[in-house]
Amino acid sequence: MRWRLAGRLAANLPEVRGRDRVVGWAQGSTDEYAGPLRGRFVNGMLFDVDSSRDGSARELSALRYRPPALAPVFAAVLGPGDCCYDVGANIGVYTLWAAGLVGSSGQVHAFEPVPDTMAVLEAMVRRNGLSQVRLESCAVGATVGEIGMRVYRDASGLAHPVTDIGSADRVASLTTLDAHTERHRPPDLVKIDVEGFEIDVLRGAENLLLARSPALLLEMLPGHLARQGRSQAELVAWLAELGYMIFNLTPQGLATHGQFTSNVLALAPRWERFDRVVATLERMPFPRNQTT
């Protein structure tokens, strides 16, 4: 009951200081309940997890009452028959959201290297009968091969690559988006949430980005980038070299100035959908908390 109340509050409270604190108070301790969590997203997709102990699973409750934070970007870019790559799909919130937009004639390629997390994602895809979703049990980076992964109990969203395989919790297969698109349909939108490994994903997608210019929706947190020995300046420079503009996702809509938001949208002006997507999102309010 408390989780339902917290979900309703998260959906309806305005974006003001203290909002997340109120929602957290309503939800109560995360240790109070760790059992199954079932429901339906506002787009009609079903979710059903055996345990809600994981942080990403707990966030599903609020999505009974509101779209995920970055849903407007997906709606502005994707339509029936389109293709989306979800790099760092986690348990599949945006995989399912994109699948609803592209329909049975489109495709969603979901990349998730952690087996336990992939099992939850696979069950959600199967539960909704999403034949348009293609599951890829691998990480994405700058080269093809293997990479170490650090994983955290009850925090699937924090899993991230590590450069030293010997110190990793597990080893995952590694591919690049350029290699993937040699065998599969190229995307119209690429969502990248890989906990600071974003630059490596882009380095392995140079041919795709220059040839096809898909929209890029990516996390850009300085702490996560620093953990991988990277920086926001390096990420900005790499995108600029590929001809992309960066837009912040703010409560007032798109912005090309100011401190970077936790997620940004990168678009190439040469892309045929550039003007339409910018016009659609120009005044679209985005929440400050963009975790889900």
(request) Say whether the condition of being buried (at least 20 other Cβ atoms within 10 Å of the Cβ) and at pLDDT 80 or above is met by at least one residue in region 141-148. (result) yes
(message) If I ask for residues that are crowded, with 16+ Cβ neighbours inside 10 Å and either small (G, A, S) or over 21 Å from A159 (Cα atoms) (or both), which ones from region 217-241 would you list?
(response) V236, W238, L239
(request) State whether one or more residues within region 54-73 are part of a loop (DSSP other than H, G, I, E, B), charged (D, E, K, R) and more than 22 Å from T280 (Cα to Cα). (result) yes
(message) I need the full set of residues from region 231-278 which are within 17 Å of A71 (Cα to Cα), in a loop (DSSP other than H, G, I, E, B) and out of contact with any Pro (no Cβ under 8 Å at 6 or more places or on another chain), in order please.
(response) T261, S262
(request) For T176, state whether it is more than 15 Å from the chain's Cα centre (by Cα) and in contact (Cβ under 8 Å) with a residue 60 or more places away in the chain. (result) no
(request) Go through D86, D116, D154 for me and flag whichever is under 24 Å from N289 (Cα atoms), charged (D, E, K, R) and modelled with pLDDT under 95. (result) D154
(request) Could you figure out which of (1) out of contact with any helix residue (DSSP H, G or I) (no Cβ under 9 Å at 6 or more places or on another chain); (2) part of a helix (DSSP H, G or I) isn't true of L101? (result) (1)
(message) If G166 meets every condition in (1) under 22 Å from W271 (Cβ atoms); (2) assigned to a helix (DSSP H, G or I); (3) in contact (Cβ under 8 Å) with a residue 12 or more places away in the chain apart from one, which number is that one?
(response) (1)
(request) Just one of (1) buried (at least 19 other Cβ atoms within 10 Å of the Cβ); (2) in contact with a Phe, Trp or Tyr (Cβ under 6 Å, 6 or more places away or on another chain); (3) among the aliphatic types (A, V, I, L, M) trips up L158, so point out which. (result) (1)
(message) If I ask for residues that are in a loop (DSSP other than H, G, I, E, B) and small (G, A, S), which ones from region 35-53 would you list?
(response) G35, G44, S51, S52
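From the list V133, V108, V120, V93, which residue is within 14 Å of D48 (Cα to Cα) and crowded, with 24+ Cβ neighbours inside 10 Å?
The match here is V93.
Answer yes or no: is there a residue in region 218-227 that is under 27 Å from T117 (Cα atoms), of a type in the set (D, E) and without any contact (Cβ under 8 Å) to a residue 12 or more places away in the chain.
no
The values are calculated or read from the model by the stated rules, or taken from the named source; none is laboratory data. Being a predicted model, the structure only gives us computed values, none of them experimental. Methodologically, a virtual Cβ is constructed for each residue, glycine included, from the backbone with ideal geometry; neighbour enumeration extends over all protein chains shown.
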